[in-house]
1. For region 37-48, give me the residue count where each residue is within 11 Å of the chain's Cα centre (by Cα) and not polar (S, T, N, Q).
2. Checking GLY67 against (1) at pLDDT below 90; (2) open to solvent by 70 Å² or more (accessible area, probe 1.4 Å): exactly one of these is not met. Which one?
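The values are calculated or read from the model by the stated rules, or taken from the named source; none is laboratory data. Fair warning: this is a prediction, and the values are worked out from it, not measured in the lab. Side chains included, ligands, DNA and RNA excluded: accessible areas come from the protein's heavy atoms. Shrake-Rupley method; radii C 1.70, N 1.55, O 1.52, S 1.80 Å.
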Amino acid sequence: MSDESNETAPEPQKPALRVVKGDPTPEELAALVAVLAARSAAAADAASRSRKPVRSEWGSPARAVRGVHRHGADQWRRSSWG
């Protein structure tokens, strides 16, 4: 006895573009898809360039500031540890 009734068929995908009026040629549809893809890529590129780059801690001005020097016995040895 097969249990095929529980298996569901995959849903068909909806088309990204649909021609509502007219009869475009395959070349015209290809040109339209190319223009839409180029605009989408340009928008994604512009969005990625608008974000500020993350600044590395190596270039942080706080690294140039020396820490507090503590006075006392044996502190000259520990002064290089930070």
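1. 3
2. It is condition (2) that GLY67 fails.
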